[in-house]
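See structure below.
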Amino acid sequence: MRPSDLLQHEHVKTAQNKIFFNLPFWLAAGAAAGISVLYNVLFKICEEWALQHANSHLLLFTAPLAVLASFLIGHFFSKEALGSGIPQVLAAAEMAPSNHPFLKKLLSIRMVIAKIIGSCLCIFGGGVSGREGPTLQVSAAVFYQFSKYWPKKFPQPQLPSMILAGGAAGLASAFNTPLGGIVFAIEEMSKTHISVIRTAVFQAVIIAGILAQVFLGNYLYLGDARFQAYNWHALYQTVAIAAIVGVVGSFFAESLFRVSSWRNKKSFWVKVLITLFFGACLSLTIYLCGPSTVGAGKTVMVSILDHPLNPTEASLPIGRILGNFFTYVGGVIGGVFAPALASGATLGQFLAQSFGFEYVKLMIMVGMVAFLTGITRTPFTSFVLVLEMSDSHEIILYLMLSSLVANVMARLVNSTSFYEQVAHNLIRQNAPELLEKKH
């Protein structure tokens, strides 16, 4: 058989088609991982500067200015960059089947630039915000751009699958949690799009996760947290902490949505005044609650996991929760994902010590899962993320239990997650016809 005949063989052609079908996912995953790594480095530099000056009065003046600057970058450069990024990806997934025109703005290169600069500037000045949610939108935008400009002579990738893969790959590279990215894709982003889950989506998540590890090292987001064996007391302690923290997380999310929705209805100059007011509230929170309020929260989580029995005060969880609240409702570009984990961790530690529970370190982890579940209503993603970030497989049953308890309690506050509510508003404002089709 001649080589030319071999290329025409049916099995060879099938293999070629599969490669060309998956190729845009692979290339987009590589590009998204590279951008995510650069974003991570830039964000870390900005955050470290803020943490170094957390005890300085300088930060009390820069925090309101940073919140305002972040808002203005989004308002004038790309309104689609404002906010977390996860609701934007959920909205994009809804718009993808019809390739809605608004996707060009929602996942534009202009948005990517604004997202990175605006969120870094916010954290640089003392804002309490995260890069994880923004990374999802940036990654989804990279996948969208690959889909948009993919050569017509090759098999065209399905846009819903590309956006889904982009969001999941973004989460995997942001936290170094490939399994968490896959679970997130299935649980959150595919609630109404389960049919678009493809092997290529999983491949993209794995590639992004591997490349992020190549560039940043095979690190654990929360460090190597080791745990002891627990008796049955740990079960009721887990249920108690998860129930309380889950409700607090849900109320936090509901407050974020209501206040930010109210602010969004105001005129530009009123928004500016509201942003300055909440920026001043952020400065006051930093002043009253201490330097641990500053930053996304990773350093705080690692610190209390290393020293769980160190006496803590209510000011620590209050500062973390209010700091993130005032930053977000100020209209910034930035997320609540990592700050939510820090809020849950500090609240779990404080409650465990206040109740006299013996397993404080375990309750810190339970608090992380519960608070995140209260916001996202994705219990499996929450416990898998925390599990992967700490390599703490010995407490998997307690993390699973905390996520389920928190999810039940959070639904007493609102049956719809914060991200879903924001995504629904985005669709209602920019693609109302999609909602009409549902009804």
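If you average 1/r over every pair of different alpha-carbon atoms in the chain and take one over that average, what Kirkwood value in Å do you get?
21.9 Å
Helix 10-52 versus the longest principal axis of the chain: what is the Cα-based angle in degrees, 0 to 90, to the nearest 10?
Relative to the chain, helix 10-52 is tipped by roughly 30 degrees.
Could you give me the ³J(HN,Hα) list for segment 339-353, computed from phi with Karplus coefficients 6.51, -1.76, 1.60 and θ = phi - 60°, whole Hz, x at Gly and Pro?
Result, ordered by residue: x, 5, 4, 5, 4, x, 5, 5, 5, x, 5, 4, 5, 4, 5 Hz.
I'd like to compare 405-412, 153-160: which one has the highest average count of other Cβ atoms within 10 Å, and what's the full order after that?
Order by mean packing, descending: 405-412, 153-160.
Lys/Arg Cβ at +1, Asp/Glu Cβ at -1, dipole of the chain taken about the Cα centre: which of V413, M95, S382 is farthest positive-ward?
The listed residue farthest towards the positive side: M95.
Looking at the chain, which longest stretch skips every one of the chymotrypsin sites (Phe, Trp or Tyr not before Pro) that is in a DSSP loop with at most 10 other Cβ atoms within 10 Å, leaving the sites themselves out?
233-439
Give me, ordered by chain and number, the residues 5 or more places off I333 or on other chains with an amide H under 5 Å from its own placed amide H.
F71, G83
Quickly estimate the mean residue ellipticity at 222 nm for the chain, helices only: each DSSP H run with n ≥ 4 gives -39500 (n - 2.57), and the total goes over all residues, rounded to 500.
Computed ellipticity for the chain at 222 nm equals -24500 deg cm²/dmol.
Cα-Cα over 30 Å: which of K44/K153; K115/K148; K104/K266?
Over 30 Å Cα-Cα: K44/K153.
Rule-based calculations on the coordinates, nothing more; no lab input. Keep in mind that this is a model prediction, so the values were computed, not measured. Note that each Cβ is placed from the backbone with ideal geometry, even for glycine, and that neighbours are counted across all protein chains shown.
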